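Chemist: Okay, here's the structure, questions in a sec.
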Amino acid sequence: MIGALVFLGCPWRAFLRLGGGDMTAIAGFLGLGVGVGIGMFFKSKGYKAEESVVVSKTLGILPVVFSVILLLALVFGLKTGNGALFTSIKGPASQHATIAVSLIAGVLVGVLMHKSKFCSVGAFSRAFRGDFSMFWGVISIIIFASITNLALGQYKFGFEAQPIAHNDFIWNFLGMVLAGLCFSLSEGCPGKHLVQMGTGNLGSVIFVIGMMAGAGFAHNFLLASSGAGITAYAPYALALGFIFAIYLGLFSRKAA
C-alpha cells in the first residue's frame, strides 16, 4: 500500500488513469510489470507462499459477515466520532456513486471476477510466459475506460495537471515496482483478494487487513503522495519496503 500510495493508485487505477488520458500512469504500468517480473524470479528460485489452511464454514463466513456489518454502518450512517468509522465529506474520497449503484456494480464485478478468475498480477505473469489470454482483460479496461471518458467529455490526454496524480516518473515507477512485487509474492492483486474473501479465504482476509493498515500508516505518517509529488519520507519507506519484500522473496522457500 505504501508503494501504491506513492504512485497514487492500485493496478486497476493505473489502468483507469491510462483510460482517462493520464500519461503519468505509464510509469506505474511499467513498474507494476517489473515488480511482477521480480516476483516471478523469486518464485523460480524456490519462493513459496504459505499453504492455505482449511477452516470450518463457520469461520470462513466471518469475512462476509464483517463486510455486511460495514455496509450496514455505511447505510445507516453509523459513526464513532474521531475513531475508526468515519467518511470523507470533501475531496476525492467523498466523491462516489450512490450506495445502491455501487452495491449493484460491486456484485456484478464480484461475480464476473469470480467466474473469470481475472487478476491484474496474474495477467502480467501469464503474459511473461507467453499467454496473453488474461492480459486482454487489462487492455479491455483501458479501452473501455477511454471510450467512457471520451463519451462523457472528461478525457484529458497528457502529463500535466492530471487529477490525483503527480508527474515524477522515477517515484511513480518505483512505487508500483514495490506494489507489484508484493502483490506477486502474495499471489494476487487487491481485486483478486477481495473476491477471495467472499469464498472464505482467510489468507485473503489477512491481505486486505494489511492493505487497510498500510493505507492508514501511509496517510498518518505522511507517506502518501499528492498532486504536488512525493513526501519527504516516502523514499525511505520505499527502501524499507524493498528490503522487506526482497528478504521474503529470498528466504520464504519451499521445503526441500
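Chemist: Mind counting the residues in the stretch 1-51 that are in a loop (DSSP other than H, G, I, E, B), modelled with pLDDT of 95 or more and within 13 Å of SER120 (Cβ to Cβ)?
Modeler: Here the count works out to 0.
Chemist: Only one of these is in contact with a strand residue (DSSP E or B) (Cβ under 9 Å, 6 or more places away or on another chain) and within 26 Å of ILE147 (Cβ to Cβ): LEU32, LEU8. Name it.
Modeler: LEU8
Chemist: Name every residue in the stretch 119-131 that is assigned to a loop (DSSP other than H, G, I, E, B) and either closer than 23 Å to LEU5 by Cα or within 21 Å of the chain's Cα centre (by Cα) (or both), in order of residue number.
Modeler: Of everything in the stretch 119-131, just one residue is assigned to a loop (DSSP other than H, G, I, E, B) and either closer than 23 Å to LEU5 by Cα or within 21 Å of the chain's Cα centre (by Cα) (or both), namely CYS119.
Chemist: Scanning the stretch 146-205 for residues that are part of a helix (DSSP H, G or I) and of a type in the set (Phe, Trp, Tyr), which turns out surrounded by the fewest Cβ atoms within 10 Å (Cβ to Cβ)? Even if it seems obvious, please write down each step before you answer.
Modeler: Taking the stretch 146-205 and keeping what is part of a helix (DSSP H, G or I), we get 146-151, 169-185, 190-197, 202-205.
Then drop every residue that is not of a type in the set (Phe, Trp, Tyr), which leaves 169, 171, 173, 183.
Numbers: PHE169: 15, TRP171: 21, PHE173: 20, PHE183: 29.
Here the residue is PHE169.
Chemist: If you go through the stretch 9-19, how many residues are over 13 Å from the mean Cα position of the chain (by Cα) and either crowded, with 24+ Cβ neighbours inside 10 Å or without any contact (Cβ under 8 Å) to a residue 12 or more places away in the chain (or both)?
Modeler: Initial filter on the stretch 9-19 (over 13 Å from the mean Cα position of the chain (by Cα)): 17-19.
Those still in the list that are either crowded, with 24+ Cβ neighbours inside 10 Å or without any contact (Cβ under 8 Å) to a residue 12 or more places away in the chain (or both) too: 17.
Residues meeting the conditions: 1.
Chemist: Does the stretch 217-233 contain at least one residue that is open to solvent by 50 Å² or more (accessible area, probe 1.4 Å) and on the phi > 0 side of the Ramachandran plot?
Modeler: yes
The values are calculated or read from the model by the stated rules, or taken from the named source; none is laboratory data. The model shown is predicted, which means the values in this text are computed figures rather than measured ones. FYI the Cβ positions are ideal-geometry reconstructions off the backbone, even for glycines, and counts take in every protein chain you see. Accessible surface is based on the protein model in full, side chains and every heavy atom, while ligands, DNA and RNA are left aside. Shrake-Rupley method; radii C 1.70, N 1.55, O 1.52, S 1.80 Å.
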